[in-house]
Amino acid sequence: MSRKLRIAIDAMGGDRAPGAAVHGAVEAARLSRGRCTMVLVGDEQTVKKELDRHFRVGELDIEIVHAPEKVDMHESPAQAVRQKKNSSIAVAMRLHKEGKVDAVVGAGHTGVMMATALLTLGRMPGVQRPAIGTVLPTMHGRVLLLDVGANSDCKPTHLYQFGVMGSVFMSGLFDLEAPRVGLLSIGEESTKGSELVQQAHKLLARSELNFIGNVEGGDILRDVADVVVTDGFTGNVILKFAESVEKLYSLSLRRKIGRRVFSMLGAWLLKPTFKRLKEVFDYQQYGGAPLLGVKGTVIICHGKSTPKAIRNAVKEARKMIESGVNEHIAARLSEWSGKQSGKESDLEDSGNGARRPRETAHER
């Protein structure tokens, strides 16, 4: 892709806005070396004042688009979407829909970002439910976990589509030829787990994906899969637990070292190692969580995102666009929809939202 990309950044979203968003945009602009234009969306005077704090920003490809309203983290998504049509999130999404930017990056209210993206951009053809994915470190690399909050209740076909979207994402961003896709369950056997998991296992097993079967919670970080799919409720619980690991690690390390002379000396000597280890668990390394399945490129960052996280989220958005993640997702779903439609007709909804095979005459 030869043309210059334009990335919209919600300057008013996040606990550290507008400072972190603007600082991250400046860093991203410097590193892009003319390949991307950063479009900061927010209150023009506030953003300009923050931008003026930085050195030689006039030389960078940075623009400001005025948005008079902002969404606070405590606001209801439904209320914010209805009442704040000119919030920084809403304006950024409209710019994306109108083709004036190629992606949206924001650390604001996750629910509002997701709802606004769905209403403004819409779902990609063939996608039943968009999903939020997050990249986690493993023993030897990384794994994409999805969904982590967009869909509390899912059907087997949703989990299958999460597998497709996750597989394409990992192929595009990390150059994996055939990402290993695992289904989160309480046991490796295909008969383990809820009815939803068991029926999803059948769909994934007969799909074109590199499906490795069920994986347990303890397998997520063991590098057995490149993509792990689950419903949004379970995924969000795992994500929140994972976020607490780095804090526990740092606190425990400080407590163990204490004020003993030899412990402090040893800690000083091992400081580079501790730093590298901490970076493994640092969410900032991976930027943000992609909202997969919408007609656009949307990266949802952590509410506490630093400039480094915003910068890496911009890089992630650029790689998604350049590798054609959305186009490949649409093609894969379209290619398999015909094959799946005939097989799906053999399934009917069960009472709990999952699906079960129809009874045969022999079974009756």
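The values are calculated or read from the model by the stated rules, or taken from the named source; none is laboratory data. Not measured: the values here are computed from a predicted model. Because the Cβ atoms are built from the backbone with ideal geometry, glycine has one as well, and the counts that use them run over all protein chains shown.
Do we find a residue being under 30 Å from T110 (Cβ atoms), modelled with pLDDT under 70 and part of a loop (DSSP other than H, G, I, E, B) anywhere in the range 264-281?
Start the filter on the range 264-281 by keeping residues that are under 30 Å from T110 (Cβ atoms), which leaves 275-281.
The next check asks that each one be modelled with pLDDT under 70; those that pass are 275-281.
Next cut, part of a loop (DSSP other than H, G, I, E, B) only: 281.
Checked the range 264-281: at least one residue is under 30 Å from T110 (Cβ atoms), modelled with pLDDT under 70 and part of a loop (DSSP other than H, G, I, E, B).
Just wondering, is there one or more residues in the range 27-40 that are assigned to a loop (DSSP other than H, G, I, E, B), free of Cβ contacts under 8 Å to residues at least 40 places away in the same chain and not small (G, A, S)?
Initially, the range 27-40 is screened for residues assigned to a loop (DSSP other than H, G, I, E, B), giving 33-35.
Keeping just the survivors that are free of Cβ contacts under 8 Å to residues at least 40 places away in the same chain gives 33-34.
Keeping just the survivors that are not small (G, A, S) gives 33.
Yes, because at least one residue in the range 27-40 is assigned to a loop (DSSP other than H, G, I, E, B), free of Cβ contacts under 8 Å to residues at least 40 places away in the same chain and not small (G, A, S).
Considering the range 174-194 alone, what residues qualify as being hydrophobic (A, V, I, L, M, F, W, C) and surrounded by 14 or more Cβ atoms within 10 Å (Cβ to Cβ)? It would help to see each step written out before you state the result.
At the first step, the residues of the range 174-194 found to be hydrophobic (A, V, I, L, M, F, W, C) are 174, 176, 178, 181, 183-184, 186.
Once the filter is applied, which keeps residues that are hydrophobic (A, V, I, L, M, F, W, C) and surrounded by 14 or more Cβ atoms within 10 Å (Cβ to Cβ), the range 174-194 yields F174, L176, V181, L183, L184.
Give the residues of the range 179-198 that are within 17 Å of D223 (Cβ to Cβ) and either in a helix (DSSP H, G or I) or at pLDDT 95 or above (or both), sorted by residue number.
P179, R180, V181, G182, L183, L184
Answer with yes or no whether Q161 is out of contact with any Asp or Glu (no Cβ under 9 Å at 6 or more places or on another chain), under 24 Å from A331 (Cα atoms) and either touching a residue at least 60 places away in the same chain (Cβ under 8 Å) or surrounded by 18 or more Cβ atoms within 10 Å (Cβ to Cβ) (or both). Spell out the reasoning first.
On the way: out of contact with any Asp or Glu (no Cβ under 9 Å at 6 or more places or on another chain): yes; under 24 Å from A331 (Cα atoms): yes; either touching a residue at least 60 places away in the same chain (Cβ under 8 Å) or surrounded by 18 or more Cβ atoms within 10 Å (Cβ to Cβ) (or both): yes.
For Q161, the condition - out of contact with any Asp or Glu (no Cβ under 9 Å at 6 or more places or on another chain), under 24 Å from A331 (Cα atoms) and either touching a residue at least 60 places away in the same chain (Cβ under 8 Å) or surrounded by 18 or more Cβ atoms within 10 Å (Cβ to Cβ) (or both) - is met.
Of all residues in the range 169-180, which are within 14 Å of V135 (Cα to Cα) and among the hydrophobic types (A, V, I, L, M, F, W, C)? Spell out the reasoning first.
To start, the set of residues in the range 169-180 that are within 14 Å of V135 (Cα to Cα) comprises 169-174, 179.
Residues satisfying the conditions are F169, M170, L173, F174.
Regarding the range 329-350, can at least one residue be identified that is outside any loop (DSSP other than H, G, I, E, B), surrounded by 22 or more Cβ atoms within 10 Å (Cβ to Cβ) and at pLDDT 65 or above? Before you say what the answer is, go through the steps one by one.
Applying the first criterion (outside any loop (DSSP other than H, G, I, E, B)) to the range 329-350 yields 329-344, 347-349.
Pick out the ones that are also surrounded by 22 or more Cβ atoms within 10 Å (Cβ to Cβ) and you get 329.
Right, trim to at pLDDT 65 or above and you get 329.
Yes, that holds for at least one residue.
Matching residues to (1) of a type in the set (S, T, Y); (2) farther than 19 Å from D102 by Cα; (3) buried (at least 24 other Cβ atoms within 10 Å of the Cβ):
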{"position": "I7", "(1), (2), (3)": "no, no, yes"}
{"position": "A11", "(1), (2), (3)": "no, no, yes"}
{"position": "R33", "(1), (2), (3)": "no, no, no"}
{"position": "T46", "(1), (2), (3)": "yes, yes, no"}
{"position": "I64", "(1), (2), (3)": "no, no, no"}
{"position": "K84", "(1), (2), (3)": "no, yes, no"}
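Table: residues versus (1) in contact (Cβ under 8 Å) with a residue 40 or more places away in the chain; (2) crowded, with 24+ Cβ neighbours inside 10 Å; (3) not hydroxyl-bearing (S, T, Y).
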| residue | (1), (2), (3) |
| --- | --- |
| E75 | no, no, yes |
| V81 | no, no, yes |
| A103 | yes, yes, yes |
| A115 | no, no, yes |
| I132 | yes, yes, yes |
| R142 | yes, no, yes |
| S152 | yes, no, no |
| S171 | yes, no, no |
